[in-house]
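This report refers to the structure that appears directly beneath it.
Nothing in this text is a laboratory measurement; each read-out follows from the coordinates by a stated rule. Values in this document were obtained by computation on a predicted structure and should not be read as measured data. Heads up, the Cβs are rebuilt from the backbone with ideal geometry, glycines too, and the neighbour counts pull from every protein chain shown.
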Amino acid sequence: MNKQSYQQLHSFLLLWGSQTVSQLGTAMTDYAVIIWVYSQQGTASSVTLLTVCTFLPTIFFRFLAGSMADRLQKKRIMLTADLMAACGTLAVFVLHSAEVLQIWHLYVINFLLSLMNAFQEPASFVAVSLLVPKEHYARAGGLQGFSGAAVSILAPALGALLLASGGLNLVLIIDLATFAIAFLVLLFLIRIPEEKRKQTEEEPFSRTCLAGIRYLKEHSAILRITLFLAVINFLAKLGSDGMLSPFILGRTGNNQAVLGAVQSSVAAGLLAGSLLTALLKPVKKRTLLIFITTGLIFSGNVMLSLASEPWLWCAASVWSYLLAAVMNVNLDTMMREKVPLEMQGRVFSAKSTLQNFTIPIALLLGGLLADKVFEPLMMADSPAQQALSGLFGAGKGSGIGLMFFIIGIAGMLISFTRLRKPVYRELDRPEEAVSCSNKQFRG
């Protein structure tokens, strides 16, 4: 990065660095809380309910949050959300120190923290667009992906170390300290410019909450790629993105060391892909790259299904998630370039809700298909099992391998056939994002 680029990205780098420190603290707390909950109950459902409490508010309140991100000061929203999240961590610390912490306390606190995150994410998305020059969008996205992958690698190791040396309270204290760093940097060292609001000021707040959906309906290419991603997310959670752990544990006889190696490979792939996009020049035809990389991501499912050696599972995971990082960075960059700044909070929220609502459905369906259909099929002594076992092996995990193969082929076909659709070509045109007023759109 040359001196001029550094000067242009100075505020973003401050925000990115301080938020990364805070995210590491939060991730260590999440890890430690899961360990604490499991030690209290010893059931998977007690842990998965934590995930549900974290996920639901983001879905239900995303439209409201996106509208507020466009109407209010992004910095104020981010500071408020961070402060409320810190209060949640402090509440856990106080309850645990008094030895009265209950699991239901964590469910309620997780729900409230997720509610704050629903407001934080769209505000942060728009803030980055305001801080970063257009020519550096891809680089900024790559750095964000890089830090996210680094946090996912470091958090379990550091969280386990802190838990062993000082218990849950030490992890919570470190989390609060990292929050203080991020909060003070944002409060005193970063100025986020505000886009002048136009027509959104004149409309009722209730109407602006659905403006993101109306915008997507009037811009068919962005809506179509969002719905495409909803299908991709559904298939991904049915495949290795949602079923990797039971596949590896089933194929290896519950070998947690192999599972850890494969999960580390996932993080390494994300890290490498994010770093790659940060260093290379931005591509011109982003939608072409998005569809190609998505198709190749699903080729990793096919590789996983046919492989029987741990090093091949690791290689397939690096391959898939490297491509996933490249795809996600270019998708975010395209959205920043094509959506007017005054609409980005609402459009980001609408897009996020539409493309992610299929995830919990797929997770539930994937478990049912594995346990009730594919695993019994590959465990039974039948002509079909004998024919398929040559490709996918036999015993536990082979049924999930068959699922991976089918989903991988389906994902590749759906992705590569998008390349022939002319409706997406307008997203590769180099023009600037057009103001809502110029597009005759009322937000």
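Taking label positions 7 Å along the Cα-Cβ direction at both Gln386 and Ala177, the computed distance is 6.5 nm, reported to one decimal.
The simple spin-label model puts a point 7 Å past each Cα toward its Cβ; for Lys281 and Leu189 those points are separated by 3.3 nm. Diffusion coefficient (Stokes-Einstein, Kirkwood radius over C-alpha pairs, 4 °C, 1.567 mPa s) for the stretch 305-398: 76 µm²/s, rounded to a whole number. Compared with the alpha-carbon gap, the fully stretched path from Leu14 to Glu218 is longer by 69.8 nm at 0.36 nm per residue.
With charges only on Cβ, +1 for K and R and -1 for D and E, what is the dipole size of the chain about its Cα centre, in debye, rounded to 20?
Working: 35 positive and 25 negative charges, 297 e Å.
I would put it at about 1420 debye.
Ranked for footprinting exposure by Cβ neighbours inside 10 Å, fewest first, Lys281, Lys75, Lys134 give Lys281, Lys134, Lys75. Counting every C-alpha pair in the chain, the share spaced more than 30 angstrom apart comes to 47%. Ordering Gly273, Val100, Leu158 by the projection of their Cα atoms onto the charge dipole of the chain, which places +1 on the Cβ of Lys and Arg and -1 on the Cβ of Asp and Glu, puts Gly273 at the extreme positive end.
So which of Lys237/Lys351; Lys75/Lys217; Lys284/Lys421; Lys237/Lys372 end up more than 20 Å apart, counting from Cα to Cα?
Lys75/Lys217
If one computes the Cα centroid of the stretch 21-37 and of the stretch 320-395, what distance in Å separates the two points? That distance is 25 Å. Paramagnetic label reach from Phe357 (point 7 Å along Cα→Cβ; backbone nitrogen cut-off under 17 Å): within the stretch 104-137, no residues. Relative to the current alpha-carbon distance between Leu154 and Leu312, full extension at 0.36 nm per residue lengthens the span by 54.5 nm. Shape descriptor for the stretch 212-427: Rg over Rh equals 1.01 (Cα atoms; Rh from the Kirkwood inverse mean 1/r).
Between Leu90 and Gln7, the contour length at 0.36 nm per residue exceeds the Cα-Cα span by 26.2 nm. Dipole size of the stretch 212-427 about its Cα centre, with +1 on Lys/Arg Cβ and -1 on Asp/Glu Cβ: approximately 920 debye, rounded to the nearest 20.
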